[in-house]
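J.: Let me give you the structure first, and then I'll get to my questions.
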Amino acid sequence: MERINQLEGLVYMTEINAYLEKNAAKFEEDLKVLLRIPSVSTDESHKQDMLLCAQEVVRQLNEAGIAKAEVMPTPGHPIVYAESEFKPDRPTVLVYGHYDVQPEDPVEEWETPPFEPTIRDGKIYGRGTSDDKGQFIIHVKAAKTLNDLHMLPVNLKFCLEGEEECGSPSLEQWIIDHADLLKADVLVISDTTMYAPGKPSLLYGLRGLSYVEVEVKGGDGDMHSGMFGGAVPNPINELCRIIAALKDDKGHITIPGFYDKVRPLQDSERQEWAQLDFDEEDFRQNVVGAKALCGEEGFTCIERRWARPTLDVNGIWGGFTGEGAKTVIPARAYAKISCRLVPDQDDREIADLLEKEIKRLADPSVEVKVTFHHGGSAWMTSPDAPVMQAASRAAQKAWNATPARVREGGSIPIVATFTSVLQIPAILMGIGLEDEQIHAPNEHLSLENFHAGIKASIYLMQELAELPEFKR
Ligand code: BES
Ligand code: ZN
């Protein structure tokens, strides 16, 4: 019986491989169509493009044999929801992704225009290639392949949002309101990275986020720095002093209570990560490009990025920044500050602690306002769970390499919402690479990984359909 299954599997894969080869160019072309639409969610002027992009995603879903696909309005940008014809004897796989992208600036640093996808050296360049259009679409193309060959082994649902890059403000409520519609056995997401070229990852943790904006006000207006300097508050000096006090010289964050809920790293996990062939010097030189690496004392580079919380200033502004020198004491100063969080920190709680500490540190001569932008919890699961092992086998087949068991430092806050509201496990099968410049100029995606990703998605659906846990 086992042997018959194996042979059957081989015959299936021969047919599937032939189909994929025949359609490789078309799938790249379809990705390009998506990439040409500047679906920048943070920018109001792109509202129409967001709708156009959602409609194009629906078109490609329909073409994949998924007849029920629609653009569903939200208070913000629309959500694309789709589902394949339901067969009660099959498990249901819910795919999440985002069709919105980050702004393209600084546009002058792109070698080819951000919304004119271009292929160079086996990589496709353009905003959204790696984050996330080129990633989520692999599941749509996998669905098309399996549907066209009448081999789809699972029920599929798609939930593709247009607001991930601005903190998913509409999606959380939408998930709660549509929990019945979204009912599934497992969530699948491709919006992260592989461990290294040729080496997929079995990702079991992401960090959370807590993002605030700080305003410091001194006098009512700008003042001559000679007439007033030395006797009046300078909000930029104040802001810098406050920020500097939020960390000590060992890289520890000094906010009282900040580490209270941090789940400590397991020894076994530290040992496992130490065995990964991570070359810190190569990372410093070729990925980062800085003179040296730095960070919290007592932790390795990998531990600092995957399992420790952070506090970073994303931007700081105020006063005179034009050419030449203007002698002025500015009236206001601003900073955008974010903390990456680990289990079991709470985003609101951390924002509250941060606000309290900033206000405590502030000189009585200034007024300080702290506004919460957005946030979300970290996500963590067991790499040994059955669905994770299914994902591991799928990646192994697609890349012919054993996936590395890793966490990552980035955030997809909605993962924790999905898993807790729907009570299902999540699989994060990323096909990006660390140096693909997401959120930066010259973002790109390896076409080899794009095609391997489609295969991995096909293998994953087959593996999930065979899981004893999901047998009906
Ligand atoms: N795809 C990224 C998240 C990511 C990238 C996770 C690489 C792991 C590895 C996602 O689109 C993103 O950028 N998320 C934001 C969070 C959001 C709340 C703005 C982030 O991590 O900054
Ligand atoms: Zn993303």
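The values are calculated or read from the model by the stated rules, or taken from the named source; none is laboratory data. Not measured: the values here are computed from a predicted model. Backbone-built Cβ (ideal geometry, glycine too); neighbour counts: all protein chains shown.
J.: Got at least one residue in segment 16-29 being of a type outside the set (G, A, S), under 23 Å from A465 (Cβ atoms), touching a residue at least 12 places away in the same chain (Cβ under 8 Å) and touching a strand residue (DSSP E or B) at 6+ places or on another chain (Cβ under 6 Å)?
T.: no
J.: Which pairs have Cβ atoms under 9 Å, sit 6 or more apart or on different chains, and link a residue in segment 311-326 that is over 29 Å from G375 (Cβ atoms) to one that is part of a loop (DSSP other than H, G, I, E, B) and among the β-branched types (V, I, T)?
T.: Listed pairs, sorted by first residue: F320/T327.
J.: Out of curiosity, is N400 over 24 Å from L171 (Cβ atoms) and more than 22 Å from the chain's Cα centre (by Cα)?
T.: Values: over 24 Å from L171 (Cβ atoms): yes; more than 22 Å from the chain's Cα centre (by Cα): yes.
Here the answer is yes, as N400 does meet what is asked.
J.: Out of (1) out of contact with any Leu (no Cβ under 8 Å at 6 or more places or on another chain); (2) of a type in the set (V, I, T); (3) surrounded by fewer than 24 Cβ atoms within 10 Å (Cβ to Cβ), what's the single condition that is false for I138?
T.: (3)
J.: Please find, within segment 35-47, the residue that is surrounded by the fewest Cβ atoms within 10 Å (Cβ to Cβ) out of those that are closer than 20 Å to P117 by Cβ and not β-branched (V, I, T). Before the answer, list the steps.
T.: Taking segment 35-47 and keeping what is closer than 20 Å to P117 by Cβ, we get 35-41, 43, 46.
If we keep only those that are not β-branched (V, I, T) as well, we get 35-36, 38-39, 41, 43, 46.
On the way: L35: 27, R36: 16, P38: 19, S39: 27, S41: 27, D43: 14, H46: 21.
Here the answer is D43.
J.: So, one more: Take the residues of segment 145-166 that are assigned to a loop (DSSP other than H, G, I, E, B) and surrounded by fewer than 20 Cβ atoms within 10 Å (Cβ to Cβ): which is farthest from ligand 1 (Cβ to nearest atom)? Don't jump to the end; show me each part of the working.
T.: So the first thing to find is which residues in segment 145-166 are assigned to a loop (DSSP other than H, G, I, E, B), and the list is 149-154, 162-163.
Still in the running and surrounded by fewer than 20 Cβ atoms within 10 Å (Cβ to Cβ): 149-151, 153.
Values: L149: 30, H150: 33, M151: 30, P153: 28 Å.
Only one residue fits best here, namely H150.
J.: Sort through G230, G257 and tell me the only one that's free of Cβ contacts under 8 Å to residues at least 40 places away in the same chain, assigned to a loop (DSSP other than H, G, I, E, B) and at positive phi. Spell out how you get there, then give the answer.
T.: Numbers: G257 fails: free of Cβ contacts under 8 Å to residues at least 40 places away in the same chain.
Exactly one residue qualifies, and that residue is G230.
J.: Right, here's the next one. Report every pair of residues separated by at least 6 positions or lying on different chains whose Cβ atoms are under 6 Å apart, first residue within segment 359-381 and in a loop (DSSP other than H, G, I, E, B), second within 16 Å of ligand 1 (Cβ to nearest atom).
T.: S377/G208; S377/A416; A378/R207; A378/G208; A378/L341; A378/V342; A378/P343; T381/Y204
J.: Considering only residues that are of a type in the set (F, W, Y) and closer than 12 Å to L160 by Cβ, which ones fall in segment 83-105?
T.: First, pick out the residues of segment 83-105 that are of a type in the set (F, W, Y): 86, 96, 99.
Scanning segment 83-105 gives Y96, Y99.
J.: Anything in segment 219-273 that is among the hydroxyl-bearing types (S, T, Y) and closer than 25 Å to L353 by Cβ? List them, or say none.
T.: Restricting attention to segment 219-273, the residues satisfying the condition of being among the hydroxyl-bearing types (S, T, Y) are 225, 254, 259, 268.
The answer is T254, Y259.
J.: Still on this structure, I have one more. E63 fails exactly one of the following numbered conditions: (1) away from ligand 2 (no atom under 16 Å from the Cβ); (2) crowded, with 20+ Cβ neighbours inside 10 Å. What is the number of that condition?
T.: With (1) away from ligand 2 (no atom under 16 Å from the Cβ); (2) crowded, with 20+ Cβ neighbours inside 10 Å applied to E63, the lone miss is (2).
J.: Here's something else I'd like to know. Can you say whether P425 is surrounded by 21 or more Cβ atoms within 10 Å (Cβ to Cβ) and in contact (Cβ under 8 Å) with a residue 40 or more places away in the chain, as far as the supplied structure shows?
T.: Values: surrounded by 21 or more Cβ atoms within 10 Å (Cβ to Cβ): no; in contact (Cβ under 8 Å) with a residue 40 or more places away in the chain: yes.
Judged against the criteria, P425 is not a match.
J.: I'm trying to understand the selection: among the residues of segment 354-396, which are of a type in the set (F, W, Y) and within 16 Å of ligand 2 (Cβ to nearest atom)? Give the steps one after another, and end with the answer.
T.: Quick first cut of segment 354-396, residues of a type in the set (F, W, Y) only: 372, 379.
Matches in segment 354-396: W379 only.
J.: Name the residues in segment 125-140 that are more than 16 Å from ligand 1 (Cβ to nearest atom) and under 28 Å from W110 (Cα atoms), would you? Break it down stepwise before answering.
T.: Step one: of segment 125-140, the residues more than 16 Å from ligand 1 (Cβ to nearest atom) are 125, 140.
Scanning segment 125-140 gives a single hit, Y125.
J.: Here's another thing I want to ask about it. Got a sec? Which of I243, I176 is surrounded by fewer than 16 Cβ atoms within 10 Å (Cβ to Cβ), away from ligand 1 (no atom under 15 Å from the Cβ) and in contact (Cβ under 8 Å) with a residue 60 or more places away in the chain?
T.: Numbers: I243 fails: surrounded by fewer than 16 Cβ atoms within 10 Å (Cβ to Cβ).
Just a single option satisfies the conditions, and that option is I176.
J.: Could you give me the residue pairs with C-beta distances under 8 Å whose first residue belongs to segment 54-74 and is modelled with pLDDT under 95, whose second residue is exposed (fewer than 14 other Cβ atoms within 10 Å of the Cβ) wherever it lies, and which are 6+ apart or on separate chains?
T.: That search, which allows pairs on different chains as well, returns A67/E85.
J.: Which numbered condition in (1) away from ligand 1 (no atom under 14 Å from the Cβ); (2) hydroxyl-bearing (S, T, Y); (3) touching a Gly at 6+ places or on another chain (Cβ under 9 Å) is the only one that T193 fails?
T.: Evaluating T193 over (1) away from ligand 1 (no atom under 14 Å from the Cβ); (2) hydroxyl-bearing (S, T, Y); (3) touching a Gly at 6+ places or on another chain (Cβ under 9 Å) leaves (1) as the failure.
J.: If you go through segment 276-298 one residue at a time, do you hit one that is within 16 Å of ligand 1 (Cβ to nearest atom), part of a helix (DSSP H, G or I), out of contact with any Asp or Glu (no Cβ under 7 Å at 6 or more places or on another chain) and under 30 Å from A398 (Cα atoms)?
T.: Yes, segment 276-298 contains a residue that is within 16 Å of ligand 1 (Cβ to nearest atom), part of a helix (DSSP H, G or I), out of contact with any Asp or Glu (no Cβ under 7 Å at 6 or more places or on another chain) and under 30 Å from A398 (Cα atoms).
Residues are listed down the side, and each one gets a yes or a no for (1) of a type in the set (A, V, I, L, M, F, W, C); (2) within 16 Å of ligand 1 (Cβ to nearest atom); (3) under 24 Å from the mean Cα position of the chain (by Cα):
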{"residue": "H46", "(1), (2), (3)": "no, no, yes"}
{"residue": "L52", "(1), (2), (3)": "yes, no, yes"}
{"residue": "Q60", "(1), (2), (3)": "no, no, yes"}
{"residue": "A64", "(1), (2), (3)": "yes, no, no"}
{"residue": "P75", "(1), (2), (3)": "no, no, yes"}
{"residue": "S84", "(1), (2), (3)": "no, no, no"}
{"residue": "G97", "(1), (2), (3)": "no, yes, yes"}
{"residue": "D100", "(1), (2), (3)": "no, yes, yes"}
